[in-house]
1. Assuming a ≥ b ≥ c are the square roots of the Cα gyration tensor eigenvalues, decide whether the range 148-271 counts as rounded (a/c under 1.5), prolate (otherwise, with a/b larger than b/c) or oblate.
2. If one puts a single equal scatterer on every Cα of the chain and applies the Debye formula without solvent, what log₁₀ I(q)/I(0) results at q = 0.06, 0.08, 0.13, 0.14 Å⁻¹?
3. Using r as the Cβ-Cβ distance of Asn394 and Tyr10, and R0 as 51 Å, what FRET efficiency do you calculate, to the nearest 0.05?
4. What is the magnitude of the charge dipole of the range 1-111 about its Cα centre, with +1 placed on the Cβ of each Lys and Arg, -1 on the Cβ of each Asp and Glu, and no other charges, expressed in debye to the nearest 20?
5. Using the 4.7 Å Cβ rule, please list in number order the cysteines from the chain without any candidate partner.
6. Rounded to two decimals, what ratio of Rg to Rh does the range 70-213 give with C-alpha atoms and a Kirkwood Rh?
7. Expressed as an acute angle from 0 to 90° and rounded to the nearest 10, what is the orientation of the C-alpha long axis of helix 137-147 relative to the principal long axis of the chain?
8. May I ask you to evaluate 6.51 cos²θ - 1.76 cosθ + 1.60, the Karplus curve with θ = phi - 60°, for each residue of the range 197-205 and list the ³J(HN,Hα) values in order in whole Hz, giving x for glycine and proline?
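The values are calculated or read from the model by the stated rules, or taken from the named source; none is laboratory data. Everything numeric here is computed off the predicted structure, so don't read it as measured data. Every residue, glycine as well, gets a Cβ built from its backbone with ideal geometry; the counts of neighbours run over all protein chains shown. Just so you know, the surface numbers come from the protein's heavy atoms only, side chains and all, with ligands and any DNA or RNA stripped out. Shrake-Rupley method; radii C 1.70, N 1.55, O 1.52, S 1.80 Å.
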Amino acid sequence: MIIRPRLNDYHGLPFRQEKVDFAIPFLDEDIPLYMDPFLLWKSPSQQDNALHGSITNSFNYLGKLFTKNENEAIATLREISECDEVGLGNSKSKRGKKIGDKMAIAILSTFLDIPQIQENGFMHFELLQLLIEDFSKDRVSDISCNLIKSFLIDYTIQQSIKFSIPTDNTEMRIFDNRKLKFVKEIVNLPINPNTKEPILLIPKRWLRFIPWINFEDFYNNYIVISDKISKGEMVPRAEILEFNRKNYDQLQTYVQRKQLEQKDCKNDPLFTQIPILSSKRKFESIKNLPTGKTDNADQEYEKYLCPLLASMLYPELDFAQPQSRTVEGVLIRDLIFYNNTSHNLLKEIYEKYKSKQIVIELKNTKEVSTTHINQLNRYLNDELGSFGIIFTRNKPPMNVFKNTIDLWAGQRKCILIMNDEDLNLMCQVYENKQRKVIDVINRKYVEFIRACPS
């Protein structure tokens, strides 16, 4: 099976994360980012500004509804508190949990208990993180997504057509921002093959690891409620929330400050390459490591090499995850990359060796052996394909290289062996930016094929 599968991997669509406007969803887990409505507020796009206004108006409507029909307001807020279709957050099951009545009442009561909110409502409802216990970034994200779900449906349909993502008819409950109530619609959306639930795509430009307005920033950079903080003492969160509810003017001043600093509010990328200086340091650390397991050198090798390869091979290869497996009592560490066929070599690997993902095995050994080759050979299967790479410290002995040639001749499996010299060249290419790092692997592949029997 595909390891950490994404929507495009399942359907065999080889587009890269870098090349699409939306965050490519995982099928088995959430994307560890959150929608931040502040990014819509500060956006130069009038459409984004209008969507922020829609979120704000709809949320403030629930406050008014609470004074007239408490049960309906609570039920509505509970329903919009979770948005599984967008797959954002830290859930490993693709299933979130809605808030309970107690939290819903605490949230809606701010419209009764705080005069400024009662009169004007919220401009940025994420301020609830500073008012209500356990109201966190995942609630900000899910409520925002639910309140503009109609737009996200249209956006998803457009992107699905553009990138040939298969879709199917499905029924969804949508909060209608004009009618201010839930309606049911039959819409044509991508479907998660595991859960059979619809998938909504979301623009990358709206995503952050933590909202611009958040409790930690308020606590660390703004709050002054007692001498405790000036003395470096911790103030209980509950005490701060209670103070904020009684001193809402302080929060409004905090929001004004955050608005003035809006130029610093940017979306977070789904993947960030390490700087060139950092890559040099990691390679130097690898060169100075002893081979084998002395002083946990094998673990250090993995620690340095994993971010190095993930950064240098991006964007041609999107990094999936590191993994550990045990074969015959031996711990083996792999790196798994998505094959997006964005380079001629990757297209050949996809077409010739059926590799939807590329396995890179890490061996901090003085000398790679035929046993290592055979371990990787047995791991390569119909799902992973017949192509793999071993990164080790030194050039392989001739009999080991011949073993890889024999595997190609007999089973049409390709296992490349790369060493510190190759890694050094990759680092040099990464630094000068004149060529792509994947070209170093391509050179090794060409050398390998030339050595194979015709």
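1. Judged from the Cα gyration tensor, the range 148-271 comes out prolate (a/c at least 1.5, a/b above b/c).
2. At q = 0.06, 0.08, 0.13, 0.14 Å⁻¹ the computed log10 ratios are -0.35, -0.59, -1.14, -1.23.
3. 0.85
4. 140 debye
5. Cys265, Cys306, Cys414, Cys427, Cys452
6. A ratio of 0.98.
7. Approximately 70 degrees, to the nearest ten.
8. 9, x, 10, 10, 8, 9, x, 4, 5
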